[in-house]
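Below: the structure, in structure tokens.
The values are calculated or read from the model by the stated rules, or taken from the named source; none is laboratory data. In this text the structure is predicted, and so the values were computed from the model without any measurement. Using ideal geometry, Cβ is built from the backbone for each residue, glycine included, and neighbour counts are taken over all protein chains shown. Just the protein is used for accessible areas: all its heavy atoms, side chains included, with ligands, DNA and RNA removed. Shrake-Rupley method; radii C 1.70, N 1.55, O 1.52, S 1.80 Å.
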Amino acid sequence: MDPSSSGIQEPFDLIRLSLSERVFVKLRGDREMTGILHAYDGHMNLIMSDVEETITIVDTESPEGSNVSVAKRKMDMLFVRGDGVILVSPPSRS
Amino acid sequence: MASQILPLELIDRCIGSRIWVIMKGDREFTGTLLGFDDFVNMVLEDVTEYEITPQGKKKTSLAQTLLNGNNICLLIPGSNGPEES
Amino acid sequence: MDDSPPPPPPENSTPPPPPQSHTGSPTDFLKGVVGKRVIVRLNSGVDYRGILSCLDGYMNIALEQTEEHVNGRVTNRYGDAFIRGNNVLYISAAEPL
């Protein structure tokens, strides 16, 4: 019955197994970041360090392809409020 | 009082029938209702999704689908949706 | 002293639930779809296609071999992905159940 070879019983196991690892986090407002995951809770509030945030700004006026600008910035340590989280992807488990 | 029927009892009677689901945003679904729960999360079969955009209605066909009840606005039993009329 | 009649058998109060003739509830759907290919669409319109590892009561989802689709184009791939349930519009089976 166990469909996956991963041994994951619930979604939060994926996060638990990613503690102290570099994770990719996608947030509302076209924000994406990677950083080392130090802590999380049931709201998906996160503490991350050594974070690089990427903000993608799409100009809908200009023609497709030429309209995306990307801003990056680095932060040593931050708290992510859980309600903004869309997706968390751990490093590859291979 | 004698014939009082709860709203979700009506939906329960629609199980097995076509139903039209209108979401809070610009999105609608039609499908055959297989079941639902207390949150009105719904399982639908032979689903068509309609995204209403300025360019017109974008249609997507889906197999069995669990629709999150969170953003459901209206349920229209027995209707095949926006294309019926 | 206690001469009250025994409580009526349950069938007097409420009829027993019908046998599980239609197993179409969300719980049953989710049991059947774990381990299968699914499409998860978010309220934003972004799709995630992958194999459903597991989920919980909040519709938090763990996906494997995930592709992110925006406007029909693959925009990202993830080995594993945790999707926070409040963003989920629907989970649709992408292979026969």
So what's the gap between the Cα centers of segment B:1-66 and segment C:21-54, to the nearest angstrom?
-> 16 Å
When you look at the Cβ of every residue in B:57-63, what mean number of other chain Cβ atoms sits within 10 Å?
-> 3
Give a quick list of GluC sites (Glu not before Pro) in segment B:6-85 that DSSP marks as loop, anything other than H, G, I, E or B, with at most 13 other Cβ atoms within 10 Å.
-> B:84
Can you spot the aspartates and glutamates whose alpha carbon is less than 20 Å from residue B:57's alpha carbon? Ignore those fewer than 8 places along the same chain.
-> B:26, B:28, B:46, B:49, B:83, B:84, C:47
So, with points 7 Å from each Cα along the Cβ direction, the residue A:56-residue A:92 label distance in nm works out to 2.1 nm
For chain A, what is the charge dipole size about the Cα centre, in debye to the nearest 20, if Lys and Arg each add +1 at the Cβ and Asp and Glu each add -1 at the Cβ?
-> 200 debye
Losing no less than 50 Å² of accessible area (probe 1.4 Å) relative to the isolated chain, the residues of segment C:27-70 are C:29, C:41, C:54, C:59
Charge dipole of chain B about the Cα centre (unit charges at C-beta), most positive-ward option of B:31, B:43, B:55 = B:55
Could you give the accessible area per residue of chain B, probe 1.4 Å, as a whole number in Å²?
-> 56 Å²
Ranking C:85, B:80, A:24 by how far each Cα lies towards the positive end of the charge dipole of the protein assembly as shown (+1 on Lys and Arg Cβ, -1 on Asp and Glu Cβ), the top one is A:24
Other protein chain Cβ atoms within 10 Å, averaged over every residue that makes up B:67-74 | 4
Magnitude of the Cβ-charge dipole of chain B, K/R +1 and D/E -1, about the Cα centre, nearest 20 debye?
-> 200 debye
Exposed trypsin sites (Lys or Arg not before Pro) absent: longest stretch of chain A, with sites in DSSP loops and at most 15 other Cβ within 10 Å deemed exposed | A:29-80
Kindly provide the chymotrypsin sites (Phe, Trp or Tyr not before Pro) of segment B:2-85 that DSSP labels as loop, not H, G, I, E or B, and whose Cβ sees at most 16 other Cβ atoms within 10 Å.
-> B:39
Report the accessible surface area buried between chains C and A, summing both sides, using a 1.4 Å probe on protein heavy atoms only, in Å² rounded to the nearest 100.
-> 2000 Å²
Answer in debye to the nearest 20: the dipole magnitude of the protein assembly as shown about its Cα centre, from +1 Lys/Arg and -1 Asp/Glu charges placed on Cβ, is 820 debye
At the nearest 100 Å², what buried accessible area, both sides summed, do you get for C and B when the probe is 1.4 Å?
-> 1600 Å²
If R0 is 22 Å, what FRET efficiency do you get for residue A:69 and residue C:75 from their C-beta distance, rounded to 0.05?
-> 0.85
Heavy-atom accessible surface of chain B: percent carbon and sulfur, 1.4 Å = 52 percent
For residue C:36, the lysines lying under 28 Å Cα to Cα, once residues fewer than eight places off in the same chain are dropped, come out as A:26, B:58, B:59
